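Engineer: This structure is in C-alpha coordinates; I'll ask about it shortly.
The values are calculated or read from the model by the stated rules, or taken from the named source; none is laboratory data. Just so it is clear, the model here is predicted, and its values are computed rather than measured. Cβ: placed from backbone, ideal geometry, glycine included. Neighbour counts: every protein chain shown. These area figures cover heavy atoms from the full protein model, side chains too; ligands, DNA and RNA do not enter into them. Shrake-Rupley method; radii C 1.70, N 1.55, O 1.52, S 1.80 Å.
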Amino acid sequence: GAIIDYTKAIELDPRSAVAYYNRGACKIELKDANGAVTDYTKAIELDPRNAIAYYNRGGCKLELRDFNGAIADYTKAIEIDPQYASAYYNRGIAEISNGNNDKGCLDLNRARDMGISPADDVFVRECK
(Lines give C-alpha, C1' and ligand atoms only; values in the text may rest on other atoms or scores of the structure.)
Protein backbone atom coordinates (compact mmCIF):
# COMPACT_ATOMS: atom_id res chain seq x y z
CA GLY A 1 0.00 0.00 0.00
CA ALA A 2 0.84 3.64 0.31
CA ILE A 3 3.01 3.22 3.41
CA ILE A 4 5.23 0.78 1.53
CA ASP A 5 5.47 3.22 -1.38
CA TYR A 6 6.41 6.14 0.89
CA THR A 7 8.92 3.96 2.73
CA LYS A 8 10.55 3.16 -0.62
CA ALA A 9 10.53 6.86 -1.50
CA ILE A 10 12.27 7.60 1.82
CA GLU A 11 14.87 4.91 1.09
CA LEU A 12 15.55 6.57 -2.28
CA ASP A 13 15.62 10.08 -0.82
CA PRO A 14 16.02 10.15 2.97
CA ARG A 15 15.87 13.97 2.89
CA SER A 16 12.32 14.05 1.49
CA ALA A 17 10.19 15.86 4.06
CA VAL A 18 7.17 15.31 1.80
CA ALA A 19 7.59 11.52 1.88
CA TYR A 20 7.77 11.48 5.69
CA TYR A 21 4.80 13.86 5.90
CA ASN A 22 2.69 11.73 3.55
CA ARG A 23 3.63 8.49 5.30
CA GLY A 24 2.61 10.13 8.58
CA ALA A 25 -0.76 11.03 7.06
CA CYS A 26 -1.23 7.39 6.01
CA LYS A 27 -0.41 6.24 9.53
CA ILE A 28 -3.11 8.55 10.92
CA GLU A 29 -5.61 6.84 8.61
CA LEU A 30 -4.48 3.50 10.06
CA LYS A 31 -4.92 4.83 13.64
CA ASP A 32 -1.15 4.66 14.26
CA ALA A 33 -0.75 7.96 16.07
CA ASN A 34 2.67 7.07 17.51
CA GLY A 35 4.01 6.13 14.09
CA ALA A 36 2.56 9.32 12.64
CA VAL A 37 4.27 11.41 15.35
CA THR A 38 7.59 9.81 14.40
CA ASP A 39 7.12 10.58 10.70
CA TYR A 40 5.89 14.13 11.29
CA THR A 41 8.85 14.74 13.60
CA LYS A 42 11.22 13.71 10.80
CA ALA A 43 9.33 15.85 8.28
CA ILE A 44 9.66 18.83 10.66
CA GLU A 45 13.40 18.19 11.08
CA LEU A 46 13.77 18.33 7.29
CA ASP A 47 11.33 21.23 6.77
CA PRO A 48 11.01 23.22 10.00
CA ARG A 49 8.70 25.85 8.44
CA ASN A 50 5.93 23.34 7.62
CA ALA A 51 3.05 24.59 9.76
CA ILE A 52 0.78 21.76 8.61
CA ALA A 53 3.25 19.12 9.84
CA TYR A 54 3.27 20.77 13.28
CA TYR A 55 -0.53 20.96 13.20
CA ASN A 56 -0.92 17.29 12.26
CA ARG A 57 1.64 16.17 14.82
CA GLY A 58 -0.26 18.21 17.39
CA GLY A 59 -3.41 16.33 16.44
CA CYS A 60 -1.67 13.02 17.01
CA LYS A 61 -0.39 14.19 20.38
CA LEU A 62 -3.87 15.39 21.31
CA GLU A 63 -5.22 11.95 20.44
CA LEU A 64 -2.47 10.39 22.58
CA ARG A 65 -3.46 12.76 25.43
CA ASP A 66 -0.05 14.46 25.36
CA PHE A 67 -1.68 17.83 25.89
CA ASN A 68 1.52 19.78 26.53
CA GLY A 69 3.08 18.35 23.38
CA ALA A 70 -0.05 19.17 21.37
CA ILE A 71 -0.11 22.73 22.72
CA ALA A 72 3.54 23.21 21.79
CA ASP A 73 2.95 21.95 18.25
CA TYR A 74 -0.15 24.08 17.70
CA THR A 75 1.75 27.09 19.06
CA LYS A 76 4.56 26.48 16.57
CA ALA A 77 2.05 26.13 13.71
CA ILE A 78 0.53 29.49 14.75
CA GLU A 79 3.98 31.11 14.95
CA ILE A 80 4.65 30.01 11.38
CA ASP A 81 1.16 30.92 10.15
CA PRO A 82 -0.65 33.38 12.45
CA GLN A 83 -3.86 32.97 10.39
CA TYR A 84 -4.05 29.20 11.00
CA ALA A 85 -7.55 29.24 12.47
CA SER A 86 -7.81 25.47 13.00
CA ALA A 87 -4.60 25.56 15.04
CA TYR A 88 -6.17 28.08 17.42
CA TYR A 89 -9.25 25.87 17.70
CA ASN A 90 -7.29 22.69 18.42
CA ARG A 91 -4.91 24.46 20.79
CA GLY A 92 -7.97 25.70 22.66
CA ILE A 93 -9.26 22.13 22.92
CA ALA A 94 -5.85 20.95 24.15
CA GLU A 95 -5.62 23.76 26.72
CA ILE A 96 -9.09 22.97 28.09
CA SER A 97 -8.26 19.25 28.14
CA ASN A 98 -5.14 20.15 30.11
CA GLY A 99 -7.16 22.15 32.67
CA ASN A 100 -6.25 25.59 31.29
CA ASN A 101 -9.73 26.88 30.53
CA ASP A 102 -8.74 30.56 30.42
CA LYS A 103 -6.11 30.01 27.74
CA GLY A 104 -8.33 27.53 25.93
CA CYS A 105 -11.25 29.91 25.83
CA LEU A 106 -9.07 32.70 24.44
CA ASP A 107 -8.01 30.39 21.60
CA LEU A 108 -11.56 29.19 20.98
CA ASN A 109 -12.76 32.78 20.81
CA ARG A 110 -10.00 33.59 18.32
CA ALA A 111 -10.98 30.55 16.24
CA ARG A 112 -14.61 31.69 16.34
CA ASP A 113 -13.58 35.13 15.13
CA MET A 114 -11.67 33.46 12.29
CA GLY A 115 -14.72 31.51 11.17
CA ILE A 116 -14.29 28.09 12.77
CA SER A 117 -17.94 27.32 13.54
CA PRO A 118 -17.37 24.22 15.75
CA ALA A 119 -15.60 26.57 18.17
CA ASP A 120 -18.99 28.13 18.97
CA ASP A 121 -20.36 24.95 20.52
CA VAL A 122 -17.23 24.24 22.55
CA PHE A 123 -17.01 27.86 23.66
CA VAL A 124 -20.62 27.87 24.88
CA ARG A 125 -20.08 24.57 26.72
CA GLU A 126 -16.65 25.27 28.27
CA CYS A 127 -16.29 29.04 28.59
CA LYS A 128 -18.36 31.10 30.96
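Engineer: Carbon-plus-sulfur fraction of the accessible area of the stretch 37-128, 1.4 Å probe, in percent?
Structural biologist: The computed percentage sits at 47.
Engineer: Same structure, new question: Roll a 1.4 Å probe over the protein chains and send me the accessible area per residue for the chain in Å².
Structural biologist: Details: 6970 Å² over 128 residues.
It amounts to 54 Å² per residue over the chain.
Engineer: Take every Cα pair under 8 Å in the chain that's 6+ residues apart, average their separations, divide by the length, and report that relative contact order as a whole percent. It would help to have the intermediate numbers written out before the result.
Structural biologist: On the way: 178 pairs, mean separation 18.3, N = 128.
Here the relative contact order equals 14 percent.
Engineer: Treat each spin label as a single point 7 Å out from the Cα along the C-beta direction, and report the residue 128 to residue 102 distance in nm.
Structural biologist: Result for the modelled spin labels: 1.5 nm.
Engineer: Can I ask one more? Here is the link list: 8/76; 42/103; 31/128; 8/42; 27/76. Which ones come out longer than 26 Å on Cα distance? Walk me through the numbers on the way to the answer.
Structural biologist: Numbers: 8/76 30 Å; 42/103 29 Å; 31/128 34 Å; 8/42 16 Å; 27/76 22 Å.
Check vs 26 Å cut-off fails for 8/76; 42/103; 31/128.
Engineer: Round to the nearest 0.05 the FRET efficiency obtained for residue 5 and residue 114 when R0 = 35 Å and r is the Cβ-Cβ distance.
Structural biologist: Details: r = 36 Å, r/R0 = 1.02.
After rounding, the FRET efficiency stands at 0.45.
Engineer: Binning at 5 Å from 0, report for the chain what percent of all alpha-carbon pair distances ends up in each bin.
Structural biologist: 2, 13, 20, 20, 17, 12, 8, 4, 2, 1, 0
Engineer: What whole-number volume per residue, in cubic angstrom, does the convex hull of the C-alpha atoms of the stretch 23-68 give?
Structural biologist: Considering the Cα atoms of the stretch 23-68, their hull volume per residue is 61 Å³.
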